Amino acid sequence: LTQAAKEGEGQCRRFFESAQAAMLLIDPADGRIVDANPAACGLYGYARDEFITLKITDINLSSQEEIGTELARSLASGREQTLQRHRRKDGELRSVEVYASPVRRDGHLLIYAIIHDVSERVEAEYRLREAAAVFEASNEAIMITDDAGVIRRVNQAFTRMTGYSAAEAIGQTPRILKSDRHDERFFASMWERLRAQGRWEGEVWNRRKNGEVFPVWQIISAVPDAQGKVAGYVTLAIDITQKKHDEDEIAFRANYDPLTGLPNRNLLAERLSQALKQARREGSRVAVMFIDLDFFKQVNDTLGHAVGDRLLQLVAERMRLCVRETDTIARLGGDEFVVLLMDIEETAPAGNVAEKIIAQMNEPFDIEGNEIHIGASIGITFFPDDGRDIDALFRNADLAMYRAKALGRNNAQFFEPALTTAAVDRRMLENDLRGALTRREIHLHFLPLVDLASNRIIGAEALLRWQHPQRGLLEPAKFVPLAEETGLIREIGAWAFDEACRQLSAWEAAGHSLMLAINVSIRQLPEALSVQHILAVLAKYGLSPRQIVLEITERTLLAEMPAVQQWFAAAGEAGLHLAIDDFGTGYSSLAYLKRFPVRHVKIDKTFVHDMESDAGQRALVEAILAMAHSLGLSVVAEGVEAPSQVNLLREHACELAQGFLYSQPLPAEEFATLLKRPQP
């Protein structure tokens with residue numbers, strides 16, 4: 001038995017030494033490594049002499065407690081299999097599979113451990129799990145098909161994107177996503193490249209389960225087998241709906257006005273360029289129409305930008321009714337529009353379109369309970385008659401439009417070569433006007449206001465004058481409309497009110513008690529000449545609101561603008577007096593005269609001039625006087641030049657008059673001299 005035991009032990013020893021698998025003998029009492037075979041020495045990099053100085057805890061990365069538990073289980077079960085992480089002598093970590101069982105040697109109970117290096121297998125399994133996790137967690141839809149195109153697997157993103165569950169998709173082909181947006185040539189080209197290069201990438205329109213068509217960026221890769229033949233395909237799809245939307249939005253903003261949806265300047269230039277090329281080939285005409293909305297700025301200033309924006313949208317809608325589908329309406333910005341009429345033979349169609357647009361603009365707009373009245377000034381130019389390139393056509397249409405404004409607005413004008421000189425002159429005048437206040441070229445002249453009963457000067461009207469360095473002394477008609485159009489009237493008007501009050505205060509200090517009339521433009525209301533500002537200026541110069549008469553036009557009084565009407569009411573509450581200038585030349589409303597703090601009306605000088613020779617004019621003057629007196633209003637007759645006119649006015653109890661019979665408008669110093677003269 002002893003000999004047999006020795007032979008058995010010798011066989012085990014030979015097996016231990018020659019085995020390809022790493023083997024260790026471990027004392028479970030203290031974890032000491034008792035022996036290691038050559039394979040173990042090769043795996044871990046330790047010599048046998050080094051090994052037997054180590055404990056299992058020196059190579060096993062598990063905690064001492066975990067290692068003790070594993071050894072105990074090995075003893076109890078007779079065989080234990082575990083996956084562990086071990087450290088080699090050089091520090092490299094390896095994944096090992098350990099089969100441990102108890103064994104007796106020389107009467108001692110030991111653990112016999114067979115160790116297999118499974119690092120590559122573990123890494124491969126990890127990568128498979130990692131790939132599976134990525135597959136399922138990916139935000140991009142992934143579809144795997146076999147070489148015949150049958151779907152074998154899809155991820156959750158595919159289901160979210162298409163609406164098809166894995167169960168519904170597997171076994172089908174990608175044709176379930178076909179949108180019919182692409183023809184057979186598209187797919188033939190796709191497969192040709194896929195077969196040639198093993199990869200295809202591009203934009204595809206797919207269809208969801210609910211029928212919705214949507215764009216994706218799709219990448220298809222062929223998957224080869226061990227022999228290099230195509231075993232299947234992996235398709236990755238990225239939903240680019242938002243990207244396409246953003247691109248469309250950028251393209252829209254680059255070419256269209258976001259407020260009205262009309263083409264902008266860029267797209268207009270592109271279409272006009274194409275229209276000119278076509279017209280040159282076919283020998284036809286192209287019309288370019290510049291449209292500027294009359295009184296839009298007043299709407300914007302008084303009712304606010306929200307109402308102004310809505311008005312522009314409604315204007316665009318109405319303009320669309322006036323042109324053909326082949327024509328273009330564009331918004332350049334603000335209240336400026338352009339109409340492009342293509343392929344016309346004569347000039348008449350452009351005039352007809354202009355008439356339609358003017359008629360549409362003359363119809364009132366109802367916005368948030370406000371009845372808004374505007375107009376349209378239109379300039380028309382033609383290719384090739386008036387210009388052969390875009391710049392010339394735009395410039396000449398602009399000139400014609402300004403002529404329409406100069407002729408009273410709300411009309412259309414065709415370009416004429418003579419307009420070029422007038423336009424240059426206007427622009428030069430505008431440039432000069434912008435610095436006129438700073439250069440102290442703007443002055444006030446004062447026109448006496450005479451009481452007809454006593455023939456005494458009881459007040460004055462402040463009138464603007466511009467001492468232009470080259471053009472001489474300019475009256476308001478030469479520059480005030482330009483100031484209103486450019487917005488400069490706000491600055492000029494504020495200066496004029498302050499200067500007029502300063503002068504009135506000086507005359508009061510000299511012993512002259514006067515009332516002062518000051519013209520007010522609707523472009524100043526309500527912010528640029530607010531009632532609070534007026535009262536502040538009056539307080540600065542120690543004046544009473546009842547000494548001031550603010551002259552406005554009938555159109556201003558009739559403006560259907562709540563902010564302006566609130567200004568009128570506030571002016572009345574503050575004690576300010578309003579006068580209607582050039583009464584009878586517009587669309588007078590008795591209701592408005594009673595509603596707002598109007599104290600005076602002024603009979604236009606054209607009526608006064610002809611009332612002696614024209615019975616109709618005389619009757620009109622008499623009617624105005626009678627009506628005003630019945631409402632408790634005083635009347636100022638403008639343009640009085642003859643004593644006979646004074647007599648007629650006195651017969652009908654006209655209270656006040658002004659005109660060259662008494663004096664022309666005078667600078668402040670000369671007006672002061674006039675006041676010093678003896679009066680009746």
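All of the numbers you see were taken from the coordinates with simple rules; none came from a lab. Note that the structure is a prediction, hence the values are computed from the model and not measured. Reconstructed Cβ throughout: ideal geometry from the backbone, glycine too, with neighbour counts over all protein chains shown.
Numerical summary
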item	result
Magnitude of the charge dipole, the range 439-676, Cβ model with Lys/Arg +1 and Asp/Glu -1, debye to 20	500 debye
Nearest-ten-degree value, helix 2-18 long axis tilted from longest Cα axis of the chain	30 degrees
Calculated FRET efficiency for the pair Ala626/Ser513, C-beta based, R₀ 30 Å, to 0.05	0.50
DSSP bridge orientation in the range 439-676 - percent antiparallel, rounded to nearest 5	45 percent
Pairwise Cα inverse-distance average, inverted: Kirkwood Rh of the range 446-498 (Å)	12.9 Å
20 Å Cα-Cα threshold exceeded, pairs from Lys540/Lys602; Lys356/Lys405; Lys55/Lys89; Lys478/Lys602; Lys297/Lys405	Lys540/Lys602; Lys478/Lys602
Alpha carbon centroid spacing (whole Å) that separates the range 279-341 from the range 595-659	43 Å
Euclidean distance of C-alpha centroids, the range 134-186 and the range 422-496, integer Å	77 Å
Net charge, Arg324 excluded, C-beta distance under 12 Å - Lys, Arg +1, Asp, Glu -1	-1
Residues Tyr233, Tyr164, Tyr44, sorted so that the one with the fewest Cβ neighbours within 10 Å comes first	Tyr164, Tyr233, Tyr44
In Hz, Karplus ³J(HN,Hα) per residue of the range 333-339 (6.51, -1.76, 1.60; θ = phi - 60°; x = Gly, Pro)	x, x, 10, 9, 10, 9, 10
Folded to 0 to 90 degrees: helix 615-630 orientation relative to the chain principal axis, Cα	70 degrees
Rounded to 10°, Cα long-axis angle of helix 184-197 versus longest principal axis of the chain	40 degrees
Placed amide H near Arg153: partners under 5 Å, 5+ positions off or other chain	Ile144
Extreme residue, positive dipole direction of the range 439-676, given options Ser513, Leu449, Leu578 (C-beta unit charges)	Ser513
Ranked list, fewest to most other Cβ atoms within 10 Å of each Cβ, for Trp507, Trp466	Trp507, Trp466
Residues of type aspartates and glutamates that Lys229 reaches as a straight line, Cα spacing below 14 Å, ignoring anything fewer than 8 places off in the same chain	Asp146, Asp147
Summed side-chain charge close to Val216 - residues other than Val216 whose Cβ falls under 12 Å, Lys, Arg +1, Asp, Glu -1	+1
Overall form of the range 439-676 per C-alpha gyration tensor (a/c, 1.5; a/b vs b/c)	rounded
Which of Leu625, Ile548, Cys41, positive extreme of dipole for the chain (C-beta unit charges)	Cys41
Filtered chymotrypsin sites (Phe, Trp or Tyr not before Pro), the range 607-680: DSSP coil and at most 13 other beta carbons within 10 Å	Phe660
Charge context of Pro469, other residues only, Cβ under 9 angstrom, K/R +1, D/E -1	0
Ranking of Ile458, Ile624 by count of other Cβ atoms within 10 Å, fewest first	Ile458, Ile624
Isotropic mean projected area of the C-alpha convex hull, the chain (nm²)	57.3 nm²
Sequence-distant residues sharing a close amide H with Met515 (under 5 Å, placed H)	Gly459, Ala460
Projected-area mean, the range 2-122, by convex hull of Cα positions, square nanometres	7.6 nm²
Over the range 1-155, relative contact order from alpha-carbon pairs under 8 Å, at least 6 apart, %	17 percent
Rounded FRET efficiency, nearest 0.05, which uses the C-beta distance separating Arg324 from Val150 and R0 of 51 Å	0.40
In sequence order, calculated HN-Hα J values of the range 123-129 (Karplus, 6.51, -1.76, 1.60; Hz; x Gly/Pro)	4, 5, 5, 4, 5, 5, 5
Most positive-pole-ward Cα, Thr673, Leu312, Ala21, against dipole of the chain from beta carbon charges	Ala21
DSSP-loop GluC sites (Glu not before Pro) across the range 259-363, with at most 16 other Cβ within 10 angstrom	Glu325, Glu345, Glu346
Relative contact order of the range 176-226, pairs being alpha-carbon contacts under 8 Å that are 6 or more residues apart, as %	36 percent
Pairwise label distance in nanometres, Glu97 with Gln227, each label 7 Å out on the Cα-Cβ vector	3.1 nm
Rounded to whole Å, sorted largest first: equivalent-ellipsoid semi-axes of the range 256-417, Cα gyration tensor	27, 16, 13
Projected label distance in nm at Leu674 and Leu407, using a 7 Å step from Cα toward the beta-carbon	3.7 nm
